[in-house]
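The next block holds one structure in the form of structure tokens; read it before the comments.
The values are calculated or read from the model by the stated rules, or taken from the named source; none is laboratory data. The model shown is predicted, which means the values in this text are computed figures rather than measured ones. Here Cβ is always computed from backbone atoms with ideal geometry, including for glycine, and neighbour counts include all displayed protein chains.
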Amino acid sequence: MSPHRGERGFSLLEVMVASAILAAVMAFVASLVLTTANINRKAAVRVAQADMARLALNEVVGRVRLAGNGAPGGINVVTNGVIQRLSAISGIDGTTGEGGEHTPVDNGTDDLWLVVPSRDQLGHACPQGGSAIGSAVPLLRVPDVSGPLEVLCDTFFNEGDLLLVSNMQTAALLSRTVKLGAAPPAVAFAEQETSGFGNLDDKSKRFTAGDTVYPVRLLHYYVRDNVNHRAGPALVRSVGKIDGAEPGGAYPEGPYPRQGRPFIDGEGYEEVVADNIEDFQVAYGFDLTGNGGFDYTTGTDSLDWTNKDGLSPAYAGDGPVRTEGAATLRAVRLTVVVRGDRKAITASGSELLSLDQAPLAKVENHEIADRLPDGYDRMQLTRTIYLPNLSPGSL
């Protein structure tokens with residue numbers, strides 16, 4: 001008797017049904033795998049975007065908090081032989097050109113200039129008699145009319161550094177500094193023959209013995225594409241110079257428009273702060289009531305953010321009627337938009353091109369009317385920095 005009697009194979013219909021079921025299961029599993037992979041990719045992109053946004057904001061926030069240290073009443077700067085009283089914080093609004101010559105910037109992003117003490121300013125000490133004294137170096141003696149300044153020591157700066165002389169109310173910026181090697185040490189600088197330059201707070205003579213002096217940097221933040229041959233936008237920091245104070249004639253416009261401002265970008269000092277920063281917006285809050293503008297008990301502010309976009313470098317706002325300007329500036333709001341470094345895809349692997357993958361419609365006053373999907377996800381992050389140290393009354 002044959003052992004296979006009564007057995008038969010699958011019919012064609014059964015094979016077709018089984019194949020259809022198997023194909024459906026495989027399609028479901030494949031879709032599930034792709035969906036999970038896409039969710040993981042999106043999560044990784046969001047984490048990377050958040051990290052990049054925090055990296056950008058943490059850098060700028062720290063510098064903004066230090067800007068203007070020792071100079072809430074403004075900084076004397078000589079540009080092309082003319083003395084100007086300037087703010088330690090200024091910037092151009094990329095949408096309107098406010099803060100400059102009212103010429104909008106092509107990409108609509110803002111920029112920010114800061115006069116910031118060097119990191120060693122608060123920690124430097126002059127050795128004297130085997131011990132370290134001082135955190136900022138005091139002037140020992142000043143000339144009656146013009147000439148170099150005598151200081152406690154000259155180890156706190158390198159020749160060519162920008163120095164700030166401060167009486168903790170107003171200050172003056174010294175450029176092209178030179179160590180004279182005298183005893184006591186003396187510092188020569190480009191502005192030392194400019195009449196009235198050192199009259200901080202309208203004093204009757206140049207500076208005063210006991211004023212402090214320390215190195216500072218002019219830092220410029222802005223968004224630029226294709227930095228260091230890398231495709232895509234980035235938030236960039238450059239180290240600036242005083243226009244007209246450096247030898248060598250006229251300087252080029254640089255990567256960001258100057259619009260008549262007294263500072264210029266130094267060549268070879270451009271650094272990337274964070275990649276994929278597509279938009280950088282800066283808003284300014286002013287205390288027009290004189291009450292300080294911020295209630296630390298309730299965590300609310302009464303600052304005027306109405307005319308918030310762009311801030312001229314000229315020190316202003318301290319007249320009989322309080323107006324928007326460096327004298328009444330009490331807060332800065334920073335916003336960055338981070339673009340993903342890879343395009344978004346669907347579960348099937350095709351490129352997403354909806355308005356969710358397009359430039360943001362509005363960030364502060366920067367509006368984009370023609371939003372064309374480009375496949376990139378975006379993330380926006382905002383930080384507000386309150387600056388009570390910029391109020392002379394707080395010192």
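Data for the structure
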| read-out | value |
| --- | --- |
| Residue match in region 169-191 (condition: more than 21 Å from CYS153 (Cβ to Cβ), assigned to a helix (DSSP H, G or I), acidic (Asp, Glu) and touching a Ser or Thr at 6+ places or on another chain (Cβ under 9 Å)) | no |
| Single match in TYR222, TYR256 (criterion: closer than 16 Å to LEU112 by Cβ, buried (at least 17 other Cβ atoms within 10 Å of the Cβ), modelled with pLDDT under 75 and within 14 Å of the chain's Cα centre (by Cα)) | TYR256 |
| Looking only at region 177-212, and only at residues there that are of a type in the set (A, V, I, L, M) and over 32 Å from the mean Cα position of the chain (by Cα), the one that is modelled with the lowest pLDDT | ALA182 |
| Number of the condition not met by SER131 [criteria: (1) at pLDDT 90 or above; (2) surrounded by fewer than 23 Cβ atoms within 10 Å (Cβ to Cβ); (3) among the polar types (S, T, N, Q)] | (1) |
| Residue within region 241-248 that is in contact with a strand residue (DSSP E or B) (Cβ under 9 Å, 6 or more places away or on another chain) and at pLDDT 80 or above present | yes |
| Cβ pairs under 7 Å, 6+ apart, first in region 327-355 and closer than 30 Å to LEU288 by Cα, second among the aromatic types (Phe, Trp, Tyr) and at pLDDT below 75 | ARG330/PHE294 |
| Scope region 57-90; condition at negative phi, small (Gly, Ala, Ser) and surrounded by 24 or more Cβ atoms within 10 Å (Cβ to Cβ); matching residues | ALA67, ALA71, SER87, ALA88, SER90 |
| Qualifying residues in region 323-344 (those that are in contact with a Lys or Arg (Cβ under 7 Å, 6 or more places away or on another chain) and of a type outside the set (A, V, I, L, M, F, W, C)) - the one surrounded by the most Cβ atoms within 10 Å (Cβ to Cβ) | THR328 |
| Members of region 164-176 that are surrounded by fewer than 22 Cβ atoms within 10 Å (Cβ to Cβ) and either under 26 Å from the mean Cα position of the chain (by Cα) or over 15 Å from PRO138 (Cα atoms) (or both) | MET168, GLN169, SER175, ARG176 |
| Residue satisfying all of: in region 294-314; more than 30 Å from ASP341 (Cα to Cα) and buried (at least 23 other Cβ atoms within 10 Å of the Cβ); modelled with the lowest pLDDT among these | LEU303 |
| Condition check for GLY94: in contact with a Pro (Cβ under 9 Å, 6 or more places away or on another chain), assigned to a loop (DSSP other than H, G, I, E, B), at pLDDT 85 or above and under 21 Å from LEU381 (Cα atoms) | yes |
